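The next block holds one structure in the form of structure tokens; read it before the comments.
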């Protein structure tokens, strides 16, 4: 897509991380790796989700039709095409439908069944949102692990703002991912007494323009296609943010799906089958990176992590 140089320009350039006690006193610092990006000097590109979205949208908008503020209501696959009805737009027919609509995929629900059939809940609940850089962090992260919660702040956009992360472990809790007020209340209840800058973060949380909260989960499926409908990214094989591989796996999956469909010509069934055959082993290895028994994910040796994330040969389609 020609976006590598642009992505590198948007790197977070985080230099390291501090770990503090509940009063903000630094316990130790790490200039070799960070909780969000791994090794500081890694060739991997760490960038903000909103920056990546802007890059992808800018590259595709001239040739792709986008329908915003809408959702699919029904999918009818008659073998020759898929008739799609929308909540707002007029119904249309498509040769193929690719569901790339995330962990709580509507396309997956309509075609394969309820989410509960495929979701593996990891028990960690996390919120991420934009805050002012009130700690005056200089390409830096600061983290505090409380008795039962975690909080972190890291600078963003050349230190002009910051991102906050709040997390806790509860394997029994169920909160609707669309119920923001319930999420606010749960975070307030759990975070308020754990010290550090949680009070400020809880204050900023309620006015954040991009507040996100969900339980860290994986999607496990035996197949990613049915008829003329296929899934890609988190919709079909979410690794969870705890793996550090969600975006990489999703983009690679989209590339392989497109490549195999191109290679198969008019035989979309062959394209879908080859997509699964080419990619499912890599997906399983990346999902293995996360343990559901240890909050925040199991500690995996860096050498093993590198072996897994590079354990695929990418074809030149």
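Numbers at a glance
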quantity	calculated
Value of relative contact order over the stretch 47-109, rounded to a whole percent, pairs C-alpha under 8 Å and six or more apart	19 percent
Fewest-first sequence of 308, 256 by Cβ atoms within 10 Å of each Cβ	308, 256
Cβ-based exposure ranking for 304, 260, in which fewest neighbours within 10 Å come first	304, 260
Square roots of 5 times each gyration tensor eigenvalue, C-alpha, the stretch 129-230, largest first, Å	29, 19, 13
Gap separating the Cα centres of the stretch 127-144 and the stretch 61-112, nearest whole Å	38 Å
The chain: most fluctuating residue of 13, 22, 307 per GNM, C-alpha cutoff 10 Å	307
222 nm mean residue ellipticity, helices alone, for the chain (DSSP H n ≥ 4; -39,500 (n - 2.57); rounded to 500)	-9000 deg cm²/dmol
Gaussian network model of the chain, springs between alpha carbon atoms under 10 Å - residue of 301, 39, 241 with greatest fluctuation	301
For the chain, built as a Gaussian network whose Cα springs stay under 10 Å, the top-fluctuating residue of 26, 284, 65	65
Ranked 108, 206, 285, criterion: other C-beta atoms within 10 Å, fewest first	206, 285, 108
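None of the figures in this text is laboratory data; all of them are computed from the coordinates on show. Just so it is clear, the model here is predicted, and its values are computed rather than measured. Note that we place each Cβ from the backbone using ideal geometry, even for glycine, and neighbour counts take in every protein chain shown.
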